[in-house]
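Any read-out appearing in this document is the output of simple, stated calculations on the displayed coordinates, not a laboratory observation. Just so it is clear, the structure is predicted and the values come from calculations on it, not from any experiment. Cβ: placed from backbone, ideal geometry, glycine included. Neighbour counts: every protein chain shown.
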Amino acid sequence: MRFDDKAVLVTGASRGIGREIALQFSRRGATVAAHYHQNRAAALETVAALPGENHFMVQADMADAAAVQQMVQAAENRFGRIDILVNNAGIYEEHPLTDVDYESWQTQFQRTLAVNLIGAANATYCAAQFMRRQGGGRIVNVSSRGAFRGEPTAPAYGASKAALNSLGQSLAKLLAPHNIFIGTVAPGFVETDMAEEILAGPDGDAIRGESPLNRVARPEEVAYVALFLASEGAEFATGCIIDVNGASYLRT
């Protein structure tokens with residue numbers, strides 16, 4: 001797959017899956033706008049690692065609708081177009097119903113949905129306006145197996161990812177006539193710094209053992225699926241959700 005002359009906006013690109021997606025696109029000829037929220041140093045590292053020229057980083061709080069609009073506008077101003085949007089930014093916070101007070105419950109639900117769902121929806125809305133005018137584009141959402149198997153101690157996360165799946169499928173039907181195609185990748189555990197602590201802890205072996213491969217995914221394995229969904233020739237996969245969990249959770 002090549003993405004020469006393609007302009008890509010990747011949210012949550014300062015580390016982990018988002019950084020790897022940005023790297024893989026740039027290695028195949030794309031120019032990348034790497035979004036970050038607070039970790040400017042990590043975003044600088046991401047952009048410095050991208051081969052090619054004209055990449056840049058853009059800051060935004062995904063929970064802030066105006067900031068999301070400005071982020072997308074900045075990418076369009078820099079590149080003159082937006083060919084691919086990857087909605088990867090997300091937060092995960094544990095808040096088991098049995099252990100938190102009502103105020104904390106509300107706060108964590110509102111914060112998680114604001115970033116994981118509404119932020120992605122706003123980025124999609126803004127990018128789709130440019131894509132419609134330029135004759136098409138690709139949108140890739142990064143979901144989670146938690147949308148299907150449930151997240152007992154982080155229910156807002158599971159709910160936000162299930163809703164993101166539904167959002168992608170709804171808009172895939174609406175936007176296909178505009179040559180805008182939407183696909184979703186749903187990873188399980190991935191070997192990133194975010195998961196490093198739990199994978200190194202007492203539950204690590206059990207988590208790895210959930211897959212018959214006896215390991216978790218590598219970031220590049222998730223990135224490859226994101227690239228496929230954004231590639232020329234994958235149009236008829238619009239609306240799909242592809243699991244990348246090493247058969248650790250099989251849905252019917």
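According to the Kirkwood expression over distinct Cα-Cα pairs, how big is the hydrodynamic radius of segment 12-146, in Å?
For segment 12-146, the Kirkwood estimate is 15.6 Å.
With the chain treated as a Gaussian network of Cα nodes joined by springs under 10 Å, which of L97, L164, L85 yields the largest mean-square fluctuation?
Result: L97 has the largest fluctuation of those listed.
What list do you get for F25, F236, F3 if you sort them by fewest beta carbons within 10 Å?
Ordered from fewest to most neighbouring Cβ atoms within 10 Å, F25, F236, F3 come out as F236, F3, F25.
Taking the alpha-carbon set of segment 151-252, what are its Rg and Dmax in Å?
15.4, 50
What GluC sites (Glu not before Pro) does segment 170-252 have in DSSP loop regions with at most 10 other beta carbons within 10 Å?
E232
When only alpha-carbon atoms count, how far does segment 72-177 stretch along each of its three principal axes, as whole angstroms with the largest first?
Extents along the principal axes: 50, 26, 16 Å.
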